[in-house]
Every structure is written in C-alpha cells, then in structure tokens.
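The values are calculated or read from the model by the stated rules, or taken from the named source; none is laboratory data. The structure presented is a predicted model; accordingly, all values stated were derived computationally and were not measured. Counting neighbours? That spans all protein chains shown, and the Cβs are built from the backbone with ideal geometry, glycine included. The area values use the complete protein model at the heavy-atom level, side chains included, leaving out ligands, DNA and RNA. Shrake-Rupley method; radii C 1.70, N 1.55, O 1.52, S 1.80 Å.
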Amino acid sequence: MAVLEIIKIGHPTLSLKAKPIENINQEIVELARNMVETMHQAPGIGLAAPQVNVSLRLITIDLSVGENKDELIVMVNPEIVEEEGEQVSEEGCLSVPGIYEKVLRPARITVRGYNLDGQELLVEAEDLLARVFCHEIDHLEGKLFIDRLSPLKRRLLKSRLKKEMEKEMEKGSVG
Ligand code: K1U
Ligand code: ZN
C-alpha cells in the first residue's frame, strides 16, 4: 500500500468530469487500497480518485478515520438516486487546505454504486455521511465545495488561497 499525493485547488484534474470505471481490475483494487491509506493518513473522512490525480469514478469514505473497519465505504461509479430535505453545516476539503465553510446539502440521500467485487450497493445516508457522499460525488463532477458558495464568498476565498499559495511558493524557493 502507498500514500498518494493529494492534488490541490488549481490543478486541472480537479475540474474534469471523471470517467466511469468499466472493469474492476487489479489496478482499480490497488488504487482503492492506496486511496484508503491516503485518506486515513491525511487524515480525512472521504477521498475521491480525482484528488489523487486519477480521473475515474471511485470514492472512499470512512467517518471513523480508520478506527472501525465496518465503517469503511469504497464505491465504484456512485450516483445519487434519491435525495430529500436540506442541511447546512461546515465542510472542509483535503484539496482546499485550511478552508472550512457552511454548505447546503440534502439531509438524506440514497446512493447506488458497486463494491470492488462488482456487487451493486445501495446506501441510505443522512447527516454527515450524506454530506460526505455529496462532497465526494461533486469531486467526480469536477466540482469543489467552494463552487457551491455565493459568487462573492468564492471570489474572496480564491484570492485568499492564491495569496497563501504564493507565500508557500516563496517559502519553498528561499533557502
Ligand atoms: O474529499 C475531501 O476533500 C475529504 C474531506 C471530506 C469532507 C469533510 C467534511 C464534510 C464533507 C466532506 C475531509 O475529510 S476534510 C477533513 C475532515 O473533515 C476530518 C478529518 C479528520 C477527522 C475528522 C474530519
Ligand atoms: Zn474534497
């Protein structure tokens, strides 16, 4: 298993619509394992393949961050088939470090996809689990959570992030 690099906002892969997985082969199983390792190590409660620069429809979720293996979800080609209600709460993103903002999401969803054995999964999720599924499926559509904020808030955040990244680059080039 390996910890992969998580790409950050501004990287073109994060804006692409990811491709469906046609065949769950050894390479996909290996990618999923490495994503779980990367998510736990970050630490995070979700990860989508585009965040490790692979534009395929694969997500991992673990609200227990490695504490309870029964909570681990690995889903191939996930899609939301039902949604209901609303919830607003704070979200973060491993590809947008240091930013936490309130985002409107459905309160309850049903997600359909496949596990790594190719069996169909139907998951009913609410609260934080529904939020994380929505966030990860957004990544597969080339969308970041800040794209769901008001245009003004998004602009302010983008300019703050740009300044912070420039500062980081300067630090890296000195000494
Ligand atoms: O997809 C990602 O960027 C991961 C992201 C998922 C997410 C978090 C909160 C709401 C929606 C989606 C994260 O995991 S950010 C880190 C985080 O929330 C966390 C990390 C360690 C323990 C508990 C939470
Ligand atoms: Zn994210």
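If you scan region 93-125, which residues turn out to be assigned to a strand (DSSP E or B) and away from ligand 1 (no atom under 15 Å from the Cβ)? Break it down into steps so the answer makes sense when it comes.
Filtering region 93-125 down to residues assigned to a strand (DSSP E or B) leaves 101-105, 108-114, 120-125.
Of everything in region 93-125, those that are assigned to a strand (DSSP E or B) and away from ligand 1 (no atom under 15 Å from the Cβ) turn out to be Arg108, Thr110, Arg112, Gly113, Tyr114, Glu120, Leu121, Leu122, Val123, Glu124.
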- Message: Report every pair of residues separated by at least 6 positions or lying on different chains whose Cβ atoms are under 9 Å apart, first residue within region 143-164 and under 19 Å from Ile7 (Cβ atoms), second in a helix (DSSP H, G or I) and away from ligand 2 (no atom under 16 Å from the Cβ).
- Response: Ile146/Lys153
- Considering only residues that are in contact with a strand residue (DSSP E or B) (Cβ under 8 Å, 6 or more places away or on another chain) and assigned to a helix (DSSP H, G or I), look in region 12-32 and name the one that is surrounded by the most Cβ atoms within 10 Å (Cβ to Cβ). Ala32
- Could you list, in sequence order, the residues of region 33-92 that are part of a loop (DSSP other than H, G, I, E, B), among the polar types (S, T, N, Q) and surrounded by 15 or more Cβ atoms within 10 Å (Cβ to Cβ)? Ser55
- Residue that is modelled with the highest pLDDT [pool: residues in region 137-175 that are in a loop (DSSP other than H, G, I, E, B) and more than 21 Å from the chain's Cα centre (by Cα)]: Val174
- Note on the structure: Within region 84-139, the residues that are under 22 Å from His40 (Cα atoms), more than 16 Å from ligand 2 (Cβ to nearest atom) and hydrophobic (A, V, I, L, M, F, W, C) are Leu116, Val123, Ala125
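Those residues that are away from ligand 2 (no atom under 16 Å from the Cβ) and not acidic (Asp, Glu), I need them from region 67-83; list them, please. It would help to see each step written out before you state the result.
Of region 67-83, the ones away from ligand 2 (no atom under 16 Å from the Cβ) are 67-72, 74, 76-77, 79-83.
Once the filter is applied, which keeps residues that are away from ligand 2 (no atom under 16 Å from the Cβ) and not acidic (Asp, Glu), region 67-83 yields Asn68, Lys69, Leu72, Val74, Val76, Asn77, Ile80, Val81.
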- Do we find that Leu122 is closer than 14 Å to Val111 by Cα and either surrounded by fewer than 16 Cβ atoms within 10 Å (Cβ to Cβ) or touching a Leu at 6+ places or on another chain (Cβ under 8 Å) (or both) in this structure? yes
- Tell me which residues, restricted to region 93-119, are open to solvent by less than 20 Å² (accessible area, probe 1.4 Å) and of a type in the set (A, V, I, L, M, F, W, C). Cys93, Val96, Ile99, Val103, Ala107, Ile109, Val111
